[in-house]
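Below: the structure, in structure tokens.
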Amino acid sequence: MNMLVGYGSVAVFFLIVVAALELTKRKDATFSEYATAGRSFGSFFGTMAFLNTWLPGTMFISFAGLAAGAGVIGFYSLIYSLLAVVLMFFLAKPVHDWGKRYDLRTQADLLGARYNSRAVRVVAALIGIAASFPWIVLGMQSLALVFQYLSFGRIGGATAVLIGIVVIGLRQIWTIRFGMRGVIISDMVQGTVAYFVGTLVILGLLTWLVSNGHGFGDVDPTHFELPGPGSALGPLYLSSLILTGALGGWCWPDIFVRLFTARSAATIKRSAVQAAPVLLIFGAALTLMAIAASSVPGVAEAPDDVWFIAAGVGGTGLITVAGICVVAATMGNVGANLQALGTQTANDIIGVAKGVRVTDPRIGRIAVGVLTLSAALGASATVGISSGLITLALISYQGICQLAPTLFLGIFWRKGTAAAAVSAMSSGFATAAVLQWLYPVSIPWLGGLTSGVAALAVNAAVYVAVTYSAPMNDTERNRVGQLFDRLSESKTDPDPESRSSPDTESDSDTTRQYTHQ
């Protein structure tokens, strides 16, 4: 009976999400609409889309597990998330305005336009896909723990992984059909459950824990210590985690594309303001709850299970709600990742290889379908890996943040060149890979810097050195100057929230294409 309640509730939630998608479906006539949802959504849709992509289901598992197993260092994810929201505010205008003016669909597309280079576009796309794909497998695997607990002992780990793969695979049928518009609509439903209902559950559990002998005074004192001078990790380890999180956050293709789906730059800025308090409350509450629950029997042996072990105080009903929160967050993150990577594959790899501007949305749907199948096969092949998921997350960040110098210096500095961008991204990614192999956690002789931050130093140095040693010619300088000058000339919608529908804005300007195409 308990298993029927658990699995049946997930099925009902699944059907609610599908019903929301079917009731709001709208056929995308062009690839641009498929990739960016017509650049038509308001701020609250943007906020929920950002949250449901930024906070994956592994927040409840691996990130909560880090806090339960290691203590206050778990707050690093909250700090870098808030810093990323600040960056979102400043990225809004250049990214949205260039995207709309030149019909840019992806992060790699924007970099190709900024540097007028197909090489930059392809390298950025390949790094984005290579670093992001493990997160899709990670998302599918994170559902294994959900279906194990919701079976209440009837299903083993291997079977639970397969069930999770089937569920998330079926969900992607609607991602393939409806593209970015469908992702954003479903994010509203999934995000509401994952982060608003989830926060209520977290606060309830935290109250119960503190009131029933699991207060912070009962926590192992080492949980309140941070790596410092003389520690095994090194004094710069925590700073490295925060830096790679904040800079790397907007390097993820699925996060970055959120800047293309809004009505205007002002809409994105409003989303940033709305997202900050949600991130603060949810992130702080989850971390505190996990630290408090570290004294609960069983958590020390399996910290990744802390969310479900704590929810066990509420019996079948609360465990079921806890499981649905993870499913909702995972659906949003995996769906957004697959949509972004499929679009990037079609737009920036297949399109560049064929020398054409992709216009048929079916190419994007096929790419998403192939990636979904590949991720399912990858998750199936690694059945049995259900703990320590935070390690894979941290490794992925070391790679993706190597896009940061090319991205941020390219957007906020006029002098960067295509040669500098390709050299910087390639050297940074290669350096990160070698250092990660040699020093999986931190680099002792660099004070605890992670491989990603050490590689970022090489990356940025190469970018600046190549820019100044081989500066752009007059023609390129004039082109880049016009690109930036048009930003100061463009006007932002003074009241983007005044429109009554999230899907009504005209997108006539997006027919203009930039010369790099």
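For this structure, a couple of remarks:
- Annotation: extensible slack from D485 through S211 equals 92.7 nm (criterion: 0.36 nm per residue apart, minus Cα-Cα distance).
- The convex hull of the Cα atoms of the chain, projected and averaged over all directions, covers 23.0 nm².
- Cβ-Cβ FRET estimate between L226 and A302, R0 fixed at 22 Å, reported to 0.05: 0.40
- Using distinct alpha-carbon pairs, which all enter the 1/r mean, Kirkwood radius of the range 57-127 in Å: 14.7
- Over the range 1-138, the ratio between the Cα radius of gyration and 2.2 N^0.38 Å evaluates to 1.33.
- Accessible surface of L15 - all protein chains present, 1.4 Å probe, nearest 10 Å²: 110
- Convex hull volume per residue, computed on the Cα atoms of the range 308-368, equals 78 Å³.
- Gyration tensor verdict on the range 87-220 (Cα atoms; rounded if a/c is under 1.5, prolate if a/b is larger than b/c, oblate otherwise): prolate
- Residues K415, K27, sorted by accessible area with the largest first, give K27, K415 [1.4 Å probe; ligands and nucleic acids excluded].
- Distance between the 7 Å Cα→Cβ label points at L4 and W445: 6.5 nm.
- Cβ-defined net charge surrounding G157, 15 Å radius [Lys, Arg +1; Asp, Glu -1]: -1
- Accessible heavy-atom area order of T24, T267, highest first, probe of 1.4 Å: T24, T267
- Value at 222 nm in deg cm²/dmol, rounded to 500, when DSSP H runs of n ≥ 4 in the chain each add -39,500 (n - 2.57): -22000 deg cm²/dmol
- Inter-probe distance in nm under a simple model that places probes 7 Å from Cα toward Cβ, at I16 and V72: 3.8
- Segment V370-A470, length gained on full extension (0.36 nm per residue, minus Cα span): 32.0 nm
- Rounded to the nearest angstrom and listed largest first, the equivalent-ellipsoid semi-axes of the range 263-368 from its Cα gyration tensor are 40, 20, 12.
- What the Cα convex hull of the range 224-294 gives, in volume per residue, is 127 Å³.
The values are calculated or read from the model by the stated rules, or taken from the named source; none is laboratory data. Since the structure is predicted, the reported quantities are computational estimates derived from the model, not experimental observations. Quick reminder, even Gly has a Cβ in these numbers, built from the backbone with ideal geometry, and neighbours come from all protein chains shown. Each accessible area value is taken on the protein alone, full model and side chains, heavy atoms only, with ligands, DNA and RNA left out. Shrake-Rupley method; radii C 1.70, N 1.55, O 1.52, S 1.80 Å.
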